1. Looking only at strands (runs of 3 or more DSSP E) that fall completely inside the range 9-76, which ones have 1 or more residues that are in contact (Cβ under 8 Å) with a residue 60 or more places away in the chain and under 12 Å from the mean Cα position of the chain (by Cα)?
2. Would you mind finding the one in 22, 51 that is surrounded by 11 or more Cβ atoms within 10 Å (Cβ to Cβ) and among the small types (Gly, Ala, Ser)?
3. Do you know which of the residues in the range 84-94 that are outside any helix (DSSP H, G or I) and out of contact with any His (no Cβ under 7 Å at 6 or more places or on another chain) is surrounded by the most Cβ atoms within 10 Å (Cβ to Cβ)?
Amino acid sequence: MKHFSDDEMKSLLPTTKTYSVAILKAGPNYDSPEAAQIIWEHGRRNFGLRAEGVLQVVLPVADSSDVCGIGVFDCSVEETVAIMDGDPGVAAGVFVYDVHPCRGFPGDHLR
């Protein structure tokens, strides 16, 4: 692992940008008979948000916790809340969510 000097850190930290992180959790209707189709439409919407560049990273979570996914949005917390409130899974009570402000380095990506 590369060691970063104090000067390198001081020059890199100002290059961060504000993002919002949405943590999606199972809602009261997560196990309803209609949930599978609603989750499919939620996924379709995520594809559209990714194509628009609004949803920078989408990470479905596949474990036994109540966390269903994490999304990194290239917009403010308020804009992210509005987007999430319009999600079909949230509207149907299949999902609930929390949104948090965060900072990241533009250009970071998954490998």
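1. 17-26
2. Every option except 22 fails the conditions.
3. Among those that are outside any helix (DSSP H, G or I) and out of contact with any His (no Cβ under 7 Å at 6 or more places or on another chain), it is 94.
Where a number appears in this text, it was derived from the coordinates with a stated rule and is not lab data. All of these numbers come straight from a predicted model, not from anything done at the bench. Please note: Cβ atoms are built from the backbone with ideal geometry, for glycine as well, and neighbour counts cover all protein chains shown.
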